[in-house]
Every structure is written in structure tokens, then in C-alpha cells.
1. Would you say B:Ile449 is closer than 30 Å to B:Ser199 by Cα and touching a Ser or Thr at 6+ places or on another chain (Cβ under 7 Å)?
2. Check region B:407-427 and report whether any residue there is basic (Lys, Arg), at pLDDT 90 or above and either in contact with a strand residue (DSSP E or B) (Cβ under 9 Å, 6 or more places away or on another chain) or farther than 30 Å from B:Ala278 by Cβ (or both).
3. Condition (residue is outside any helix (DSSP H, G or I) and small (Gly, Ala, Ser)) applied to region B:423-445: is it met by at least one residue?
4. What residue, among those in region B:482-519 that are among the basic types (Lys, Arg) and closer than 17 Å to B:Glu192 by Cα, is nearest to the chain's Cα centre (by Cα)?
5. What's the total number of residues in region B:17-50 that are in contact with a strand residue (DSSP E or B) (Cβ under 6 Å, 6 or more places away or on another chain) and not in a helix (DSSP H, G or I)?
6. With B:Ile453, B:Ile480 as the choices, which residue is more than 14 Å from chain A (Cβ to nearest Cβ) and β-branched (Val, Ile, Thr)?
7. State the number of residues belonging to region B:121-130 that are surrounded by fewer than 16 Cβ atoms within 10 Å (Cβ to Cβ) and outside any loop (DSSP other than H, G, I, E, B).
8. Can you pull out the residues in region B:393-419 that are more than 19 Å from B:Thr251 (Cβ to Cβ) and basic (Lys, Arg)?
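The values are calculated or read from the model by the stated rules, or taken from the named source; none is laboratory data. All figures in this text were calculated on a predicted structure; none of them were measured in a lab. Ideal geometry is used to build each Cβ from the backbone, glycine not excepted, and the neighbour counts take in all protein chains shown.
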Amino acid sequence: MTESKTELNSHVLYKIKYKIYNAERENHNTKILAKPDMVKKIKKIIDDQVREGDRL
Amino acid sequence: MIIKSISIQNFRQYKDFCDVKFATDRDKNVTVILGLNTSGKTTIVQAFKWCLYGETSFSKKEMLLNSEVAEDLIPYATATIKVEIKLIHENREYTICRSQVCRRTPDGRIVYDRPNVDLSYKSENGNTNYIMPSEVRNVINNILPHDLSDYFFFDGERLQEITKKDVVSAVRSLMGLDIISAAVEHLEKVIEQLQASLSLDDDELSAKKKNELNKAIGERDAAKLRLENTKKELIAAQKLYDELSAKLKDTESVREAQRERENILKIIDGAKLSLETAKSNLIKDFNRDYFRYLAKPLMEKALETIKISTTSMAGIPKMHSESIEHILKRGRCICGCDLTKNQGAVDNIRFEQSLLPPHHIGTDLANFNNTCKVMLQENARYLLNETINSDYCEIRRLERQIADQEENLKEISKKIRELGEVKEITALEDDYQRAKNQIADLTRRQGAIEQEIKTLDSQIENLKATIDNLATQCEKNDLIRRELAYAQAAYDWFKQTYNKQEKEVKVELLNSVNRIFKEMYHGTRSVTMDDKYSINLTTTVGSSQIETEESKGLEAVKNFSFIAGLVEVARNKARKRGLTNLDAPESDNEENLYSSEPYPIVMDAPFSNVDEVHIQKIATILPNIAEQVILIVMEKDWVYAKQAIGEKVGANYIIQKVENSDTHSVIRRI
């Protein structure tokens, strides 16, 4: 865990943070999305970004 | 964001169409709306919130439609509530119009349709562009975040008492803590889920299967080696077998001779046995018939001699003189005649007795004659001569055959002696048989090894497939581990951000509050905020800060300072574009800078329950905390405030109740 953490791509991490923040803000502002969906959404954001990072 | 105007219709008390144009001039940026109690001051602030965010803080949400309009509504008729705000944001003029259709049902109820929002802006060429309905909410939030709206559309009654809850919620919404704490909460769940989806067993299983695979491959290689060896052995055995076969082929003639000899021996034995039988047949046949054979000429002669034709000689055949004696003794003839009374018959019988043996030879001669005749007749059937002859011929034939075969035997034995030793051939045959067995054995073994290799091959294939599957899972695990690391890093970041921003906002808020407080209050007191968000006034005595007692007026000033500070921080926050405080790897920091966008403050009854001195002080500070001030106040309070900010007022309105009605007000410009 700590080993792979050192390999984290800062750009990918930034994108993840940014997207989670925006997703949360949208949720917070609109209160349309249910919370369990947020968990899924965040998981997907992380997944997508990590995969995208892999492609890069 | 600067608000240009608001127009209201059918919204609560505002039955008629009311249009309020706000002061937007930089020097005269204050708009004052005067109103009595219950005239509809709070309704104006609520109209802003309803138009922008679709919400109000009225206890009865369904009472938005003007009561008089609602009362007049006949079944199936409709009325529309409408609030329209015009504002300028980032040099673009937006028009936000929220409307809601209400209808009377046949059973007398009033039903509200879903509110409709239209958001449009004027582009540089003067065209009106409409924002997609799905984007409206986001665009409004971009203009003025919903979270911060409470500090721009301010309920004056909250000035009276700033609660700890207010501070906490202010700090939370100002620093986006709700968002970040929600993100932290969700990230915790994400991390939990990711950890749960890690399949550690698969890694171990994969290693185990790999070991099994290596073992199977090793076994297969060994089996292949064994197969090679077996094949070599088989080739060698085949060679030996071929050699032995060739040798045996050479000795085939010997064996054939041997077989022939055995046959001859068998024939000889059989012939000898037949000879014995023939000999015994000859003797048997002779013994049976020799008497007749020898007696035949004698009997013919005797018959010639005794050929005497006399009937007198002939007695009663087979009758004996003793039989006659018996008949005479009993006195009764066989014909039933009483002999005692018939002497003639007795005499006749006595004559017959005289012809019978032993008294008469004639009878015996007659018997002999008959016997000879019978014998001669029988003799004609027995061809003794021929029988004996044929028996003898058979004996001779057999004897010749035996002699011939013995001659053959001698020749063959001589040949065998010439060809070689039988023992050697047997040994050769043994070797040949052994080689044959060995070949069968090796072939069997080869088949078994091939089968074993086939089994191992399929086992290896299966193991490879399993390992491939597991490898996919292992790859998945690797990905999950990376995701987990990112999620953890994001989680740590959000946590850190939470702490950092909380601290920053608290410091910023406290600085603003203190600055504003000092502008309004000229003394040594200052505002402090502890870790638990309690606001206190302290004064410096010597070198230490001590808490001070507060008068009601001082408390009002303190609270207003706090509100003004909040508004200031909120304004700064709203001015920040994009995502705040994200430690971006790229240098897009410019985006995070404050913009110079102006912001309004709409205050409802800010001076209620505040004395005239403080009204003036509060009023003085108001134009400094916002570029546009919209005050909705009671006339009695405005008298004092006017002295402080009168010259900044750009627009004046008054709310009037129509015919003193509580349900119908209008706003007029003065």
C-alpha cells in the first residue's frame, strides 16, 4: 500500500480530487443524488481516472 | 452580481404586478424599501430566494399564491405566481423568471403545478439566449452559490442572537465543509468497498497453482524421457525379435521333419493297433466257424450214407419212450381215450414206444439227419473262407504299412540328425518367445506412458487456464490496490483540506469580524472565537485578555460585526472562481484568485430592536461590506439610519397595504 502510494501520479490524483469535489458540490447544491449513488459515483471517478492514468 | 430589478405578481401579498428597480450606481448603491409590520417586507426577501432557488422559509409552503386571487379562483380556473429577477453578473445581464401555475379543482382545493424556471441572458449582439432547463440550477449556483445565499439575503431577526449553531453552520458553508465532510464520508465507504473487493485468496491460490503447474510440467518431461527410453528398448527388442525370427525360419525345416516324424510314429502306432485288432478278428472268425468249415464235407458224406427213405424209422419226433410209459401208466391217452378199456390203443402206443429212443436208432438218425441239414443250410450263409481271407488281407496290408512307415522314419531321423540339435532350437525358441513377450510388454508400457503424458498435458492445460483466470483476478487486485491508494490519498487530502480550510476560514472570519467591530466600536474590546465557535468580547488588561460583560447594545454591535464579517467572507468566497484551494499540480492559480465581481446584500429589518446609536453605526458600515445594499426596513428605524447613509441612497420604495388589507400590498417608488 505504502509502496504503490509513492507511485501515485499527482495529475491523476488531482483529477480525482477535483472530480470528487465537483461531484460532491453538485450533490450538495442540488441534493438530487442519493448518497449511495455518490459512493458509486466516486468509485467510478477513481476507477476511470486510474485507468486513464494507466493509458497515459 | 448586481441585482437590477425584481418584479413580483400573485406572490403572497403582492397581488398586482410590482416592479422594483434597485440602485446600481456605485456611489448611490443603497436601495431602501420601507414598510410597516406585516406589510410584506420579509416576502420580498423570500421572493428573491424563491426565484433563485425555488425555496422559501414560510411555514406554510403552499400559501404562495395571493389569498385574494386564490379566493376568487373558480373551479378549473388558473392563476400564475411569478417572480422575475434581472441581474448583472460578469458583465452579462441575466433574467431569471420563476413561475408556478395554481388551479382550483372541482372539489375546491388549490393545486400547484411544478414551478417553471426560465433563465436567459443577453449576448453582446443583443440576442436573448436561453439556458437549457437542466443547466439552470448550475448556472444560478455559479452566480450565487445556494449555500452562501443566506448571507446575501439576510433575515434581520437573526442579528438579535447569534447562536453557536449559526457560527458552526456559517463556518461549514463558508469553507465548503459540508461538501468535504460528505466527500470524506463517501471516500471512507469507497475505501471500505475497495478493500472488500480485494481478493487476497486468489494471489495465494495463483502461487499454489503455479507450483502445481511446474510439478506437472516436470512430471511430463520425465514421462517423455521414459517414453523415449521405452521406444529405444522397443526398437532393440524388435531387432532381436527379427533376428530370432530369421534364425527360427532357418530351423523351420527341422521342425517340419520332426513334425513328420511324429506323424509317422503316430501312424505306425495306429497301424500296429489295427494289426492287433485284425489278428484277433481273424482268430475270432476262425474260432467261430472252423467246426462247420471242417465238418461240412463230412456231413455231406454222412448224409449221403444215411439217406434212407423210411417212414418206419421215423418215430414221433422229440418224444421219449419214458413219455409213452407215463401215458400208459396213467391209463389215459393224450387224446382223452381211456386206455384201460382199449387194449388196441395200448398196443398201438406200445408200437410207437418201440420206435422211440433209447430203443430205436431210427429216431436218432432222423435227428442227426435234420441237424446236418440245418447245419449245412447255415454253413451256406457263413463264408468263412472269405472272412478269413479278408482278415488276412487286412493283416498283410497293415504289416506292409508299418514296414513302409518305419522305413520313412528311419530316413527322417537321419535327416534330423543331419540338420541339428533339437535342444538348440528349443533355446532359440525360448529366446524368440522372450523377445516377443518383451515387445508386447514394452508396447503396453509405451501406451501407458503415452496415456500418462496425455493426462499430464490436459492437467497442464487446465492449470494454465486456471492461472490465467487467476492472473486476471490478480490484475484486478493490482488495479484495486492502486484505486485504493488513490482513494486513500484523496481521503487524506480531503481530511487535511478540512482542517486547513476550517482554520483559514475561522481566522479570516475572525479578522473580518474584528475589523468591522473596530470600525463600529472605538474601544479596547475585541472579538474572539474559541475552538468551539463561541464568540466573546475580550479586553486587554495589562498583558492578558479577559472576557468582558456586554450591554445589549454592545451585543448587537458584536452580532452585526459577526454578520458583516460573514457577509464579507462569503463575498470573498463567492468571488473565488472554480475550485477553491485544490493544490493543483499545474499552475492554474490565476483561476483561484479573487475576482472583482461586486455582490449585493439584501437585508430584511436589520435594525429591529437596536437603539438609534447602533442603527447609525450599523448603517455606516453597510455600504462598506457590499457593493449594493438593499434595505427593507421600518420607517421608524430608517429615520436614524438615514442620517448615516442617506446620501448613498439611489432608490426609495414604500410598501403600502391596499385599503389596509393584510392580503394585498403594493410597492411604490417615492
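1. Considered against the rule, which asks whether it is closer than 30 Å to B:Ser199 by Cα and touching a Ser or Thr at 6+ places or on another chain (Cβ under 7 Å), B:Ile449 comes out as no.
2. No, region B:407-427 has no match at all.
3. Keep residues of region B:423-445 that are outside any helix (DSSP H, G or I), which gives none.
Scanning region B:423-445 turns up no residue that is outside any helix (DSSP H, G or I) and small (Gly, Ala, Ser).
4. Kept after step one, since they are among the basic types (Lys, Arg), are these residues of region B:482-519: B:482, B:495, B:500, B:503, B:506, B:515, B:518.
Subset that is closer than 17 Å to B:Glu192 by Cα: B:482, B:495.
Details: B:Arg482: 25, B:Lys495: 39 Å.
Once the filter is applied, the top-ranked residue is B:Arg482.
5. 19
6. B:Ile453
7. Here is the first cut: in region B:121-130, the residues surrounded by fewer than 16 Cβ atoms within 10 Å (Cβ to Cβ) are B:122-130.
Among the residues that remain, those that are also outside any loop (DSSP other than H, G, I, E, B) are: B:122, B:128-130.
Residues flagged as surrounded by fewer than 16 Cβ atoms within 10 Å (Cβ to Cβ) and outside any loop (DSSP other than H, G, I, E, B) within region B:121-130 amount to 4.
8. B:Arg396, B:Arg397, B:Arg400, B:Lys410
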